[in-house]
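For reference, the structure discussed in these notes is given below.
The values are calculated or read from the model by the stated rules, or taken from the named source; none is laboratory data. What you see is a predicted model; the values in this text were computed from it and never measured. Glycine gets a Cβ as well: all are built from the backbone with ideal geometry, and neighbour counts include every protein chain shown. Ligands, DNA and RNA are stripped out before the accessible areas are found, and what is left, the full protein with its side chains, is counted by its heavy atoms. Shrake-Rupley method; radii C 1.70, N 1.55, O 1.52, S 1.80 Å.
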2 protein chains.
Amino acid sequence: MLSTMQDVPLTVSRILRHGSTIHATSQVITWTGEGAPQRRTFAEVGERAGQLAHALRDELGVQGDQRVATLMWNNAVHLEAYLAIPSMGAVLHTLNLRLPADQLAFIVNHAADRVVIVDGSLLPLLAPLLSALGTVEHVVVNGPGDRSVLDGCRPRVHDYEELIAGRPSDYAWPEIDEREAAALCYTSGTTGDPKGVAYSHRSIYLHSMQSNSGESFGATGADTVLPVVPMFHVNAWGLPHAAFMAGTSLLMPDRFLQPAPLAEMIESERPTLAAAVPTIWQGLLAELDAKPRDVSSLRNVVIGGSACPPSLMRDFEERHGITVVHAWGMTETSPLGSIAHPPAGADEEAAWGYRITQGRFPASVEARLAGPGGDFLPWDGQSAGELEVRGPWIAGAYYGGGDGEPFRPEDKFSPDGWLRTGDVGTISPDGYLTLTDRAKDVIKSGGEWISSVELENALMGHPEVAEAAVVAVPDEKWGERPLATVVLKEGATADLEALKTFLGERIARWQLPERWSLIESVPKTSVGKFDKKVLRKQYAEGQLDVSEV
Amino acid sequence: MLSTMQDVPLTVSRILRHGSTIHATSQVITWTGEGAPQRRTFAEVGERAGQLAHALRDELGVQGDQRVATLMWNNAVHLEAYLAIPSMGAVLHTLNLRLPADQLAFIVNHAADRVVIVDGSLLPLLAPLLSALGTVEHVVVNGPGDRSVLDGCRPRVHDYEELIAGRPSDYAWPEIDEREAAALCYTSGTTGDPKGVAYSHRSIYLHSMQSNSGESFGATGADTVLPVVPMFHVNAWGLPHAAFMAGTSLLMPDRFLQPAPLAEMIESERPTLAAAVPTIWQGLLAELDAKPRDVSSLRNVVIGGSACPPSLMRDFEERHGITVVHAWGMTETSPLGSIAHPPAGADEEAAWGYRITQGRFPASVEARLAGPGGDFLPWDGQSAGELEVRGPWIAGAYYGGGDGEPFRPEDKFSPDGWLRTGDVGTISPDGYLTLTDRAKDVIKSGGEWISSVELENALMGHPEVAEAAVVAVPDEKWGERPLATVVLKEGATADLEALKTFLGERIARWQLPERWSLIESVPKTSVGKFDKKVLRKQYAEGQLDVSEV
């Protein structure tokens, strides 16, 4: 029996219309680094989004679902692009300016972007690539920057303000099927080519609603949110759309992501909410120690992107009265996968136990743990498996590029369509997720999984250990076994026997490594994470001095 | 370009699964009137919902989208029915126990209900109807009550607890198209037959998300909500679904809706949120004056159903520290149409000016004002028109009954599918709705609308006027003109000339009535509203003593 409700699609244009009328006076404040920040009302952003859509269609000939890319910081013009491009039926492609040049060129060509909107400050990054970008016909430059670097390039070059000036601010946004793509974001995988996730109007709309729920961030028209997380990184965790929906004012840091300007903009613009990765917060904390500033406006800051050290959370709370909320997600999950609010009635110490987990899943995200044998594991807080998730804002495939079909690599999607996150962890009986490893770093020993991170944390608890990294190495009997590599502190006297005894008192006997190696330092990736690929390679090639202990 | 997101439907079974696992320990507390209230966890409610679904399918043979009715108060078993019936693919039909017997019989037959679940306390209401209910095959009785009144009735009679006992608590909830009907609720129109609104899984899901947003009620797992508004009245304003989604505990008043037990349950169970119509709050306020109790747990109470006197809102705030939030909606709007949170930055007096309006529309509700000439009016806070709304939880038709097609009366739905609410009002430039009249009570005078309520309020401001009702009467020149009927206080000395002068100083000249009548009392409907139908009839039949002043 069909319902009698109206069939109204959930689209970005609905968010745009709502924010720019009902919340007309909410503000988008863009930091400029010197002098007063730039201020625009939601009404003005809505009008300029209409002008941009006219410019893209009438002047640059953007049609249908063509892709329009942005290579931009977090600022008001980027928000205009966020709202205008999907609302007119085209697809917004946010370019990650931290990608290596060859990967940037790859994703622009793969998406067949017709237009690139670029901040003037990023022209030195774009200009050298342009000759490799076969589909790009127009470059639109926003704000100051040395445009001479574009001299002689093939695409036509436009100034953003000149392009939109004088055009009508109202645009007859088409009614779009909510399952159509609205925005495209590529994951920067460490192996293989970047893979594109095409968010739908529906997924963005539902994700925004969830973001605004009391159980998630709960931002309202009385809040101002500071998204430090870049708009090219999973849509700044969905905050720009969510803010425009709820009338939450936005404080945009543009390119001023260093601790000092962040502290300054917080003190002067008094945001109530903020979101960033742990390293940003760590830097801000040090900055505030060195030069105290009033950051008391902040009620909640959301941390995600990688696990947050509990000490950092406590420091913010105890020294600055700011509640840090831990959340988990990835490009493929829009990104809100889980968020760590403690359950009702938990006392303070119990609450901390919950808050350092990855948290609980919102109603629209279903989760399960796939065990080593492919079976699904109980939520007992003990059984560790690979997290798989399902929901209306979770990817079910990757973008095929051009007219290509979407594709579903087996290691990323289960046969019944769930996303394989590549994260390994446990879920407690009351639904809290604790992640311990990336699936590729887990040691698969005789049908059981050993957490490399658990062993590392236990080892690093030894007073003479500076760093420890545990990786899987092949083993004839067990398939894989852990190899423990340890960096001792200067002047340390412990030997491997002593370390093994220390570890043996802290973990299950069968997990205890037989292979040990003292090393000078743990190899690291460009973002400072342990590079276990290198360690495994060094072991395979016999470059490590390994003892059987 | 299609997105790469998973295609996952928004269904009631998703709310059920989520609430009973992630929020397993949240509680449903049902007041029993004597002794301890009944307490069930969300996990238990989920298990019992599974058992109920098995009983309905395996024992009573409910299939496909058949209708299962409830004639019940707000209690845990009613919630089990709310969750189980739509989740199994059937349609929940909530029966309004305040309807006259002939209308109750009409809607049960129109919906072709196969099963009625009834509270034992309501058997005296159901029993006399049963012979007229042709499609009902089973009656399921919940809780104590004199079951002998069912002796000899045609449908088979079951005890709820016996029916579900021993059945499996897990049920393989089918994957349902989110646009299928989940629940059916009839409007109790004052004219014509009741008309059914069939909510979809999608509309219930989206409405729940909106309800939980910070801009609406913002309930979380840390809250307990007391829905005084009945579950047969627009799904208790959607609160049961929203609560199960967010893990908000529910305090269910069952049939104890009198001020004294309400005050008692608030004091002992300490809910943080509550929702009811103004008369309930008025009664509670008087009760608290007579016998003070601790109601300080309440953070927000939501008032809707009819306009709330500002004095009531101020009394709650000033005397009890409780914020009263004004909201507007109707059966056809699920019901969340608008909610009156003041805008950011408003000082206290300005905030009150916003809080007494009907409020702002959430992102999923679009609104427009249709003027007397059929044109759409500006949001200038002045132009009054009929409110029309559009959105994914707004009705676009009425249920046709049995296999009948949905129908769309012209006075309820515009040609382009918007709902005509029948409410007349203005919208301010910042999006706040102020309702003044029902469309049928507006005076259409020479292509302009005159608000009867505005004239009444102005007249009732006269110190000697007890009541005033203004109705439209036919006029040769203007089409319609206002007739002012006035009830003077005892001992009043004002005459009609004086009243007209008084009114003339407060409204625009062209709105001033020429026809006046002093009456003994204004005729009222059964719920105490002015019955303007009767006044118009009295005028037409020459029963009023009318002066041209």
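Take region B:147-179 and flag every residue that is among the acidic types (Asp, Glu) and either in contact with a helix residue (DSSP H, G or I) (Cβ under 6 Å, 6 or more places away or on another chain) or without any contact (Cβ under 8 Å) to a residue 24 or more places away in the chain (or both).
B:151, B:159, B:161, B:162, B:170, B:178
Taking region A:10-30, which residues are open to solvent by less than 20 Å² (accessible area, probe 1.4 Å) and of a type outside the set (S, T, N, Q)? Across region A:10-30, the qualifying residues are A:10, A:12, A:14, A:15, A:16, A:18, A:19, A:22, A:23, A:28, A:29. Of the strands (runs of 3 or more DSSP E) lying entirely inside region B:363-437, those containing at least 2 residues that are more than 9 Å from every other protein chain (Cβ to nearest Cβ) and farther than 26 Å from residue A:15 by Cβ span B:419-427.
Of all residues in region A:208-224, which are under 17 Å from the mean Cα position of the chain (by Cα) and open to solvent by 10 Å² or more (accessible area, probe 1.4 Å)? Before you say what the answer is, go through the steps one by one.
If we filter region A:208-224 for residues that are under 17 Å from the mean Cα position of the chain (by Cα), which is where we start, we get A:208, A:210-211, A:216-217.
Selection gives A:210, A:217.
Between A:133, A:95, the distinction of being touching a residue at least 60 places away in the same chain (Cβ under 8 Å) and over 24 Å from residue A:19 (Cβ atoms) belongs to A:95 only. Criterion first (without any contact (Cβ under 8 Å) to a residue 40 or more places away in the chain and more than 10 Å from chain A (Cβ to nearest Cβ)) does residue B:39 satisfy it? When the stated conditions are applied, residue B:39 passes them. How many residues are open to solvent by 60 Å² or more (accessible area, probe 1.4 Å) and either in a loop (DSSP other than H, G, I, E, B) or not hydrophobic (A, V, I, L, M, F, W, C) (or both) when one looks only at region A:280-304? So the count comes out to 7. Just to be sure, is residue A:547 among the polar types (S, T, N, Q), modelled with pLDDT under 95, within 32 Å of the chain's Cα centre (by Cα) and more than 14 Å from residue A:459 (Cβ to Cβ)? Spelling it out, it is not the case that residue A:547 is among the polar types (S, T, N, Q), modelled with pLDDT under 95, within 32 Å of the chain's Cα centre (by Cα) and more than 14 Å from residue A:459 (Cβ to Cβ).
Listed here are the residues, each with its yes/no results for (1) over 23 Å from residue B:21 (Cβ atoms); (2) touching an Asp or Glu at 6+ places or on another chain (Cβ under 8 Å); (3) open to solvent by 10 Å² or more (accessible area, probe 1.4 Å).
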site	(1), (2), (3)
B:50	no, yes, no
B:53	no, no, no
B:67	yes, yes, yes
B:74	yes, yes, no
B:91	yes, yes, no
B:113	yes, no, no
B:118	yes, no, no
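Of all residues in region A:120-132, those satisfying the criterion of being open to solvent by less than 40 Å² (accessible area, probe 1.4 Å) and aliphatic (A, V, I, L, M) are A:122, A:123, A:126, A:127, A:129, A:130. Pairing residues of region A:382-393 that are under 8 Å from residue A:419 (Cα atoms) with residues that are among the acidic types (Asp, Glu) and in a strand (DSSP E or B), at Cβ distances under 7 Å and at least 6 apart in sequence or on separate chains, gives A:389/A:366; A:390/A:366. Residues in region B:29-79 that are among the hydroxyl-bearing types (Ser, Thr, Tyr) and under 20 Å from residue B:163 (Cβ atoms): B:30, B:70. Among the numbered criteria (1) more than 24 Å from residue B:400 (Cβ to Cβ); (2) open to solvent by 40 Å² or more (accessible area, probe 1.4 Å); (3) of a type in the set (A, V, I, L, M, F, W, C); (4) modelled with pLDDT under 95, which one does residue B:101 miss? Tallying (1) more than 24 Å from residue B:400 (Cβ to Cβ); (2) open to solvent by 40 Å² or more (accessible area, probe 1.4 Å); (3) of a type in the set (A, V, I, L, M, F, W, C); (4) modelled with pLDDT under 95, residue B:101 fails exactly one: (1). Please work out if residue B:135 is of a type in the set (S, T, N, Q), within 26 Å of residue B:88 (Cα to Cα), open to solvent by less than 60 Å² (accessible area, probe 1.4 Å) and more than 14 Å from chain A (Cβ to nearest Cβ). When the stated conditions are applied, residue B:135 passes them.
Here residue B:509 passes the criteria (1) exposed (fewer than 11 other Cβ atoms within 10 Å of the Cβ); (2) basic (Lys, Arg); (3) touching a strand residue (DSSP E or B) at 6+ places or on another chain (Cβ under 8 Å) except the one numbered (3). The residues of region B:330-347 that are modelled with pLDDT of 95 or more and on the phi > 0 side of the Ramachandran plot amount to a single one, B:334.
Here's the yes/no breakdown for (1) within 18 Å of residue B:80 (Cα to Cα); (2) open to solvent by 10 Å² or more (accessible area, probe 1.4 Å):
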residue: B:198; (1), (2): no, no
residue: B:227; (1), (2): yes, no
residue: B:257; (1), (2): no, yes
residue: B:262; (1), (2): no, no
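Pairs please, first residue from region B:462-475 and in the same structural domain as residue B:452 (by TED's automatic domain parsing), second anywhere and surrounded by 18 or more Cβ atoms within 10 Å (Cβ to Cβ) and of a type in the set (Asp, Glu), Cβ atoms under 7 Å, 6+ apart in sequence or on different chains. Listed pairs, sorted by first residue: B:468/B:456; B:469/B:456; B:470/B:456.
Is region A:324-334 home to any residue that is touching an Asp or Glu at 6+ places or on another chain (Cβ under 7 Å), in a strand (DSSP E or B), surrounded by 15 or more Cβ atoms within 10 Å (Cβ to Cβ) and touching a residue at least 40 places away in the same chain (Cβ under 8 Å)? Yes: one or more hits. Criterion applied to A:141, A:157 was being away from every other protein chain (no Cβ under 12 Å), open to solvent by 30 Å² or more (accessible area, probe 1.4 Å) and assigned to a strand (DSSP E or B), and the one residue passing it is A:157.
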